[in-house]
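Student: Okay, here's the structure, questions in a sec.
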Amino acid sequence: MCILFIAVNEHKDFPLIVAANRDEFFQRPTSQSDFWFENTDILAGRDLQAGGTWMGINKNGRFSALTNVRDPHKIDPNANTRGELVTNFINGQQSNQAYLNQLVDSKDNYNGYNLLFGDWHDLWVYNNHQDKVEKLGNGVFGLSNADLNSPWPKINKGVNNLREYCQLDHPIDEDILFALLRDDTQAEDDILPKTGVPIEWERRLSSIFIKSEEYGTRSSTLLKIDTQNRLSWQERTFDNKGNVFATKNYQFSMK
């Protein structure tokens, strides 16, 4: 998962809204979101290459999502797969503090990541590169491949758009939120972040929705939880031309 926009208590009907894109190489085998056969309380996609997932929730409202920290000079090819961090949380019963303690103890076993985790109404973000945790209060947040709310152009754009949308007094229109995630406008060179990758990649990665033959946005997911603890999960999956070829829709009331 490469970009998340999170609205906490910003919309009158939905105390939590998460709009997320997963960016990955298209050749990496993946299964779309579904309830897992070995634990039907878990709803998530699956990375079929290394195991684990990039975003998931269980029926008790334990939620987690992952973004990589972009630092090409600190890549360990033998590091543990980061997708297990999401799986371990949504499949477990630890408190946020207990799981944070595990993350701190194991932080050097993984390449750079941000992990969003917690009960849906009490979310934390841990960054293992900086060994830093932040609790999400009310507001709109953007999480990509640096810090929480790093002032990258695509983060600023998505946060502002989601905040403005939540302030409108009307029911949620999922097509508008999916359009927010489908924005493929690249930033101008003079405001690109400098993350250590070639300029061509900085340009390509500067949009919310990434399109290229070999790497790009594989799926967009909307997670909404209303004031009655009812969850809606909608996913659109894309090919390397940016065309939708599969959709998933789930609704359930949390335990």
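Student: Please pull out the direction-averaged projected area of the chain, using the convex hull of its alpha-carbon atoms, in nm² to one decimal place.
Tutor: Average projection, Cα convex hull of the chain: 12.7 nm².
Student: I would also like to ask the following. Keeping every protein chain present and rolling a 1.4 Å probe, give me the accessible area per residue for the range 55-95 in Å².
Tutor: Averaged over the residues of the range 55-95, the accessible area is 45 Å².
Student: Taking the Cα centre as origin and putting +1 on Lys and Arg beta-carbons and -1 on Asp and Glu beta-carbons, what dipole magnitude results for the range 144-188, to the nearest 20 debye?
Tutor: Dipole of the range 144-188, to the nearest 20 debye: 180 debye.
Student: In whole percent, how big is the carbon plus sulfur part of the accessible area of the range 38-140, probe 1.4 Å, protein atoms only?
Tutor: The C+S portion of the solvent-accessible surface of the range 38-140 is 40 percent.
Student: If we restrict to alpha carbons, what Rg and Dmax does the range 127-186 come to, in Å?
Tutor: 13.3, 40
Student: With runs of 4+ DSSP H residues as the only contributors, calculate the mean residue ellipticity of the chain at 222 nm using -39,500 (n - 2.57) per run, divided by the residue total and rounded to the nearest 500.
Tutor: Helix contribution divided over all residues of the chain: -5500 deg cm²/dmol.
Student: If you don't mind, another one. How big is the range 50-132 on each of its three principal axes, counting only the C-alpha atoms and giving the largest first in Å?
Tutor: Principal axes ranked by extent give 38, 25, 18 Å for the Cα atoms.
Student: Once every Cα of the range 87-155 carries one equal point scatterer and solvent is ignored, give the base-10 log of I(q)/I(0) from the Debye formula at q = 0.14, 0.24, 0.25 Å⁻¹, two decimals.
Tutor: For the range 87-155 at q = 0.14, 0.24, 0.25 Å⁻¹, log10 I(q)/I(0) is -0.43, -1.16, -1.23.
Student: With the cut-off at 16 Å, report for the range 107-222 the share of all Cα pairs above it, as a whole percent.
Tutor: 68 percent
Student: Another question about this same structure. Per the Kirkwood treatment, what hydrodynamic radius in Å, one decimal, follows for the range 1-79 from the mean inverse distance over all distinct Cα pairs?
Tutor: Roughly 14.5 Å, rounded to one decimal.
The values are calculated or read from the model by the stated rules, or taken from the named source; none is laboratory data. All values derive from a computational prediction rather than experimental measurement. FYI the Cβ positions are ideal-geometry reconstructions off the backbone, even for glycines, and counts take in every protein chain you see. Note: areas computed on protein heavy atoms with side chains; ligands, DNA, RNA excluded. Shrake-Rupley method; radii C 1.70, N 1.55, O 1.52, S 1.80 Å.
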